[in-house]
Amino acid sequence: MEQRDILSMTLPELQAAVTALGEPKYRAGQIYRALHVRKVKSFAEMLDIPSKLRAELETLFCIKSLFVSRKLASSLDDTVKYLYRLSDGQFVETVLMHYHHGWRLCLSTQVGCKMGCAFCASAIAGYIRDLTPSEMLLQIDETERDAGVSISGLVLMGIGEPMDNADNVMRFLELLSDKDGRQMSLRHVTLSTCGIVPGIRALADRRMGLTLAVSLHSATDTGRSRIMPVNRRYPLQELMEACRYYFETTGRRVTFEYAVMEGENDSSRDAAALASLLKGTAAHVNLIPVNSVRERSYHATRQAAHAFLQKLERLGVHATVRRTLGADIEAACGQLRRDAQQPSVYGEKR
């Protein structure tokens, strides 16, 4: 019999499982708090649980683990990039960032990505599978253990498309914010999507209070379809309608991520198209100099991003250039995983 992933279970599911074993319901609460508050790594650490029940749990359930395969610490700031090895030998990346208001974690939601954005390193090594809720939670737990910090905010902006793994991501957010467990306010969570329209509408209907960030990167269907295949399925008109629906339903402003690529999307015409697209919205544009990837030709400097910012400001668009963190360790997600799967770069596969 396959063991169940106990860290991915909700409290009601755990209560049903425990009572099915003939144990009182309150035992489930003890187990749940051990997993989500004390963040134990084994059933042996649940010393408030009778040894007989611990033995049964060991047989029926598993507590998944992550292992630090590589860790790069920036010499420029407090950014730390982790390459985590999963229990099946696959890899994901997680980035720890320090802001004046606390520590934030950029975590992954899939092993690889299907979206195929032309400038992104995450798609190069290919899509393998979705992450489970427990594997998302463990990125938080293991990073806090290793770094000795308390994480106060999250961005689901690492490897993978969260809306392409929606069921597991929603379960992860439920566990993360549970008042009987971790109690993180979802107002401290940003979910980034390349523009999966049904997912945006479904997220709006949940009214979870989190921040939605949409990766835009071009304000025309021709330009966006060239660099982001998802636009061929959900073109800009549908995407913007979904974003307006999100704002009207939740009252939460949508952030648009725009990776500035010199010669690709940073002309005065591009700025005018973006201003026209966002006219009448309460949107904010987050400009990001595109990260250089060995296999791609796209590039940009911070000067280019600021030059594009000035063009937007003259057109009345509210925008900022994102602060660059971990520039010396290639803190954009996807590059460590890609290298880990290429034995010629770092020796044998790990």
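The values are calculated or read from the model by the stated rules, or taken from the named source; none is laboratory data. Keep in mind that this is a model prediction, so the values were computed, not measured. Backbone-built Cβ (ideal geometry, glycine too); neighbour counts: all protein chains shown.
Cβ-Cβ contacts under 6 Å between residues 6 or more apart (or on different chains), taken from a first residue in the range 218-242 that is assigned by TED's automatic domain parsing to the domain that holds Asp266 and farther than 21 Å from Leu287 by Cβ to a second residue that is buried (at least 23 other Cβ atoms within 10 Å of the Cβ) and hydrophobic (A, V, I, L, M, F, W, C), are listed as Ala242/Ile200.
Please indicate, with yes or no, whether at least one residue in the range 18-39 is among the acidic types (Asp, Glu) and part of a helix (DSSP H, G or I). So far as the range 18-39 goes, no, none of its residues is among the acidic types (Asp, Glu) and part of a helix (DSSP H, G or I). Scanning the range 101-123 for residues that are assigned to a strand (DSSP E or B) and closer than 20 Å to His217 by Cβ turns up Cys106, Gln110. Would you mind stating whether Asp205 is in contact with a His (Cβ under 9 Å, 6 or more places away or on another chain), touching a residue at least 24 places away in the same chain (Cβ under 8 Å) and surrounded by fewer than 20 Cβ atoms within 10 Å (Cβ to Cβ)? Criteria not met by Asp205.
Return a yes/no flag: does the range 85-100 have any residue that is surrounded by fewer than 17 Cβ atoms within 10 Å (Cβ to Cβ), in the same structural domain as Ser177 (by TED's automatic domain parsing) and over 27 Å from Cys120 (Cβ atoms).
Yes, the range 85-100 contains at least one residue that is surrounded by fewer than 17 Cβ atoms within 10 Å (Cβ to Cβ), in the same structural domain as Ser177 (by TED's automatic domain parsing) and over 27 Å from Cys120 (Cβ atoms).
With the condition kept exactly as written, say whether any residue in the range 54-76 is part of a helix (DSSP H, G or I), under 28 Å from Gly153 (Cβ atoms), in contact (Cβ under 8 Å) with a residue 12 or more places away in the chain and not assigned by TED's automatic domain parsing to the domain that holds Leu137. Spell out how you get there, then give the answer.
At the first step, the residues of the range 54-76 found to be part of a helix (DSSP H, G or I) are 54-60.
Remaining after also requiring under 28 Å from Gly153 (Cβ atoms): none.
Scanning the range 54-76 turns up no residue that is part of a helix (DSSP H, G or I), under 28 Å from Gly153 (Cβ atoms), in contact (Cβ under 8 Å) with a residue 12 or more places away in the chain and not assigned by TED's automatic domain parsing to the domain that holds Leu137.
A Cβ distance below 6 Å, combined with a sequence gap of six or more or placement on separate chains, defines the contacts here; from the range 281-308, residues that are under 14 Å from Ala213 (Cα atoms) reach residues that are modelled with pLDDT of 90 or more and assigned to a helix (DSSP H, G or I) in the pairs Leu287/Ala305; Leu287/Leu309. Of all the numbered requirements in (1) in contact (Cβ under 8 Å) with a residue 60 or more places away in the chain; (2) touching a strand residue (DSSP E or B) at 6+ places or on another chain (Cβ under 9 Å); (3) assigned to a helix (DSSP H, G or I), Ala213 misses one, and that requirement is (3).
Of all residues in the range 216-227, those satisfying the criterion of being assigned to a loop (DSSP other than H, G, I, E, B) and under 13 Å from Glu264 (Cα atoms) are His217, Ser218, Ala219, Thr220. Of the residues making up the range 46-66, those that are touching a Lys or Arg at 6+ places or on another chain (Cβ under 9 Å) and under 21 Å from Leu175 (Cα atoms) are Met46, Leu60, Phe61, Cys62, Ile63, Ser65, Leu66. Do you know which of the residues in the range 1-17 that are assigned to a loop (DSSP other than H, G, I, E, B) and more than 16 Å from Glu174 (Cα to Cα) is modelled with the highest pLDDT? That would be Gln3.
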